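Asker: Can you read through this structure? Questions will come right after.
The values are calculated or read from the model by the stated rules, or taken from the named source; none is laboratory data. These numbers were taken from a predicted model, which means no experiment stands behind them. Note: ideal-geometry Cβ built from the backbone for every residue, glycine included; neighbour counts use all protein chains shown.
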Amino acid sequence: MARYTGPVCRLCRREGVKLYLKGDKCFTDKCPLTRRAYPPGQHGQGRRKLSEYGVQLREKQKARRTYGIMEGQFSRYFGKASAKKGVTGELLLQLLERRLDNVVYRLVRHNHFAVNGRRVNIPSFSVKPGDVVEVREASRQKPRFKVMLEAPLRTLPAWLDVQRDQWRGTVVRMPTRDEIDTPVQEQLIIEYYSR
């Protein structure tokens, strides 16, 4: 499976917004975007007006990088969203939010999970309302999971429910656009793919 392994702070600087790819470093004043709020590279400080296509492309790239997926996979998600009935942009973001790796990141932020009692190791697994994502019994004894259980819980979207004492989280319902905090203008992505 292909994935980006380069410097992730460079991606935040390219998009001009914090994508929180570096974890806690993004919340400090050491964040490279805070120190150098211009795109990376030799010509990053040059002022250049983006065309309409450039704005759409930057928005698509921001969404791709936020969810950590490659172009082909993102294109397939767009195809699925446009084939369904409803608002394509909202459906696209729902598909991306429902990926198992995103749900796990939002619930506990680690590996060794099971969905509905079955071990799942596919990051693009799409969870449905009613699915229970839990830490597997063998992984609960590891020190890093005990530390995570004692750590304060960050803000959790309303479409997820966590039972910390039982080491599980439940997908209550489909997320609405208001609950998806990704700083993306999905309409620009739709216009990009509609060319």
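Asker: So for the range 19-26 (the condition being of a type in the set (Phe, Trp, Tyr), free of Cβ contacts under 8 Å to residues at least 24 places away in the same chain and out of contact with any strand residue (DSSP E or B) (no Cβ under 9 Å at 6 or more places or on another chain)), does at least one residue qualify? Spell out how you get there, then give the answer.
Answerer: Going residue by residue through the range 19-26, those that are of a type in the set (Phe, Trp, Tyr) are 20.
Okay, now just the ones that are also free of Cβ contacts under 8 Å to residues at least 24 places away in the same chain, so 20.
Adding the requirement that they be out of contact with any strand residue (DSSP E or B) (no Cβ under 9 Å at 6 or more places or on another chain) leaves 20.
Yes; the residues of the range 19-26 include at least one that is of a type in the set (Phe, Trp, Tyr), free of Cβ contacts under 8 Å to residues at least 24 places away in the same chain and out of contact with any strand residue (DSSP E or B) (no Cβ under 9 Å at 6 or more places or on another chain).
Asker: Every residue in the range 154-195 that is among the hydrophobic types (A, V, I, L, M, F, W, C) and over 17 Å from Phe113 (Cβ atoms), please.
Answerer: Passing the criteria: Ala158, Trp159, Val172, Met174, Ile180, Val184, Leu188, Ile189, Ile190.
Asker: Output the residue which, of all residues in the range 90-118 that are surrounded by 21 or more Cβ atoms within 10 Å (Cβ to Cβ) and touching a strand residue (DSSP E or B) at 6+ places or on another chain (Cβ under 7 Å), is modelled with the highest pLDDT.
Answerer: The qualifying residue modelled with the highest pLDDT is Arg99.
Asker: Can you name the residue in the range 174-195 that is part of a loop (DSSP other than H, G, I, E, B) and not hydrophobic (A, V, I, L, M, F, W, C) and is also nearest to Val127 (Cα to Cα) among such residues?
Answerer: Among those that are part of a loop (DSSP other than H, G, I, E, B) and not hydrophobic (A, V, I, L, M, F, W, C), it is Pro175.
Asker: Taking the range 44-67, which residues are surrounded by 11 or more Cβ atoms within 10 Å (Cβ to Cβ) and among the small types (Gly, Ala, Ser)? Break it down stepwise before answering.
Answerer: Kept after step one, since they are surrounded by 11 or more Cβ atoms within 10 Å (Cβ to Cβ), are these residues of the range 44-67: 44, 53-67.
Of everything in the range 44-67, those that are surrounded by 11 or more Cβ atoms within 10 Å (Cβ to Cβ) and among the small types (Gly, Ala, Ser) turn out to be Gly44, Gly54, Ala63.
Asker: Check whether at least one residue in the range 127-135 is more than 16 Å from the chain's Cα centre (by Cα), surrounded by 12 or more Cβ atoms within 10 Å (Cβ to Cβ) and at pLDDT below 85, and report yes or no.
Answerer: yes
Asker: A further question follows. Quick one: which residue in Pro32, Pro39 is of a type outside the set (A, V, I, L, M, F, W, C), surrounded by 12 or more Cβ atoms within 10 Å (Cβ to Cβ) and in contact with a Pro (Cβ under 9 Å, 6 or more places away or on another chain)?
Answerer: Unique residue meeting the criteria: Pro32.
Asker: Okay, next question. Using the structure shown, decide if Pro123 is over 26 Å from Tyr77 (Cβ atoms), at pLDDT below 85 and either out of contact with any Lys or Arg (no Cβ under 7 Å at 6 or more places or on another chain) or not aromatic (Phe, Trp, Tyr) (or both). Spell out how you get there, then give the answer.
Answerer: Details: over 26 Å from Tyr77 (Cβ atoms): no; at pLDDT below 85: yes; either out of contact with any Lys or Arg (no Cβ under 7 Å at 6 or more places or on another chain) or not aromatic (Phe, Trp, Tyr) (or both): yes.
When the stated conditions are applied, Pro123 does not pass them.
Asker: Give me the strands (runs of 3 or more DSSP E) completely within the range 63-173, filtered to those with at least 2 residues that are outside the structural domain of Tyr20 (by TED's automatic domain parsing), more than 21 Å from Val8 (Cβ to Cβ) and without any contact (Cβ under 8 Å) to a residue 40 or more places away in the chain, ordered by residue number.
Answerer: The qualifying strands (runs of 3 or more DSSP E) are 113-115, 132-135, 160-163.
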